[in-house]
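Since the structure comes first, as structure tokens, the remarks are kept for the end.
Each reported figure results from applying straightforward, stated rules to the coordinates on display, with no laboratory input. Values in this document were obtained by computation on a predicted structure and should not be read as measured data. Here the Cβ is made from the backbone with ideal geometry for all residues, glycine too, and neighbour counts use every protein chain on show.
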Amino acid sequence: MEFSYDIAGGDFSRAGAASSEVKKILKQLNVELAVIKRVVVALYEAEVNVVAHAADGVMQVTLDSASIEVVIRDRGPGIPDIALAMQEGYSTASPRVREMGFGAGMGLPNIKRNCDSLDIESTVGVGTTVRMVTFFNR
Amino acid sequence: MQVKDILETLEIAPRPGDDAERELAREVTGGYASDLLSDVMGHAREGQVWITLQTHKNVVAIASLKELAAVVLVKNREPDEDTAAAARAEGIPVLTTPLDAFEAGGRLYRLLRGA
Ligand SMILES: Nc1ncnc2c1ncn2[C@@H]1O[C@H](COP(=O)(O)OP(=O)(O)O)[C@@H](O)[C@H]1O
Ligand SMILES: [Mg+2]
């Protein structure tokens, strides 16, 4: 099964909408609650990163009986140093975004903790692709 | 314990025009106090009351995704208009206390843990 959602960069009023749709589907499909809870955290953080840091993006979800794979691909500035970006507390978010309580530099660490495999590819000036896989019945 | 059982302790006045019976029956299992959204996303748990000073709409998105029991805004902060609308749509109570986060958290802790 595959689903796909558009994510608009800069539009915080809609941040989380795609994650919420995926959560509904996972619940309808009776995916284990423990898995849903982890997936939701990772999805939301990846979605918010597109909103906060990129121009626009697409969230693609592929589900089979054993796992859920999510690929979030955006057009944006890219991440020059992925290892640095992964460090808890590192953030380039604007002051406005920080005032809202985003930009604590905890998003990528949250993603890492809440999926079973994480792969980030990024080209500066082009965009970023985040791929995460979470297995059922771990 | 349900959301309605924490109102008095946290000095939360019901909002006029709220037909919030179902929302206020949500089960409360604990509390989480933070103004950093990723902290709440990563560490709050289902059924907790979220104590915060953030009033924008993303608070509701997070509370809904995490299935938190309620959001309590401290120091008389009111939800933004679109926050209140989203809260109604999602069925998540977004409440206002005159207390600060320390006092609200302390009272909620005592109420829940009986300490
Ligand atoms: N999709 C993205 N496009 C560009 N930069 C990104 C993206 N995702 C993350 N980053 C970079 O990595 C940093 C850390 O991300 P994260 O841990 O989610 O923290 P935060 O979003 O709170 O800054 C960001 O501040 C940003 O510099
Ligand atoms: Mg982030």
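With a 10 Å cut-off around each Cβ of B:67-74, the average count of Cβ atoms from other chains is 1.
Per 0.36 nm of contour for each residue apart, how much would the distance between B:Arg77 and B:Asp100 grow if the chain were fully extended, relative to their Cα-Cα spacing? Let's see the in-between values first.
Details: separation 23, 0.36 × 23 = 8.28 nm, distance 1.02 nm.
Difference between extended and current length: 7.3 nm.
Note on the protein assembly as shown: helix-only mean residue ellipticity at 222 nm, from DSSP H runs of 4+ residues weighted -39500 (n - 2.57) and normalised by residue number, equals -10500 deg cm²/dmol. Counting Cβ atoms of other protein chains within 10 Å of each Cβ in A:101-107 and taking the mean gives 6. Averaged over the residues of A:6-14, the number of partner chain Cβ atoms lying within 10 Å of the residue Cβ comes to 2.
Could you give the size of the charge dipole of the protein assembly as shown about its Cα centre, using +1 on the Cβ of each K and R and -1 on the Cβ of each D and E, expressed in debye and rounded to the nearest 20?
On the way: 27 positive and 36 negative charges, 90 e Å.
Using Cβ point charges on Lys, Arg, Asp and Glu, the protein assembly as shown gives about 440 debye.
Springs between Cα atoms under 10 Å define the GNM used for chain A, and in it the highest mean-square fluctuation of A:Leu33, A:Leu43, A:Leu108 occurs at A:Leu33.
Given their separation in residues at 0.36 nm each and the Cα-Cα distance between them, A:Ala66 and A:Ala83 gain 3.2 nm when the chain is fully extended. In a reduced charge model with +1 at each Lys and Arg Cβ and -1 at each Asp and Glu Cβ, chain A shows a dipole moment near 360 debye about its Cα centre.
Distances between placed amide hydrogens fall under 5 Å for A:Asp116 paired with A:Val133, A:Thr134, A:Phe135, all partners being 5 or more residues away or on another chain.
The label point for B:Ala13 and the one for A:Phe3, both projected 7 Å from the Cα toward the Cβ, are 4.1 nm apart. Database remark: amide H of B:Gln2 closer than 5 angstrom to the amide H of B:Val28 (H placed geometrically; neighbours at sequence offset of 5 or more, or on other chains; Pro and chain starts carry no H). Distance from the alpha carbon centroid of the stretch B:1-66 to that of the stretch B:90-115 works out to 9 angstrom.
Under 5 Å from the amide H of B:Gly47 lie the amide H atoms of B:Leu68, B:Ala69, each residue being 5 or more positions distant or on a separate chain, with H modelled from the backbone and absent for Pro and chain starts.
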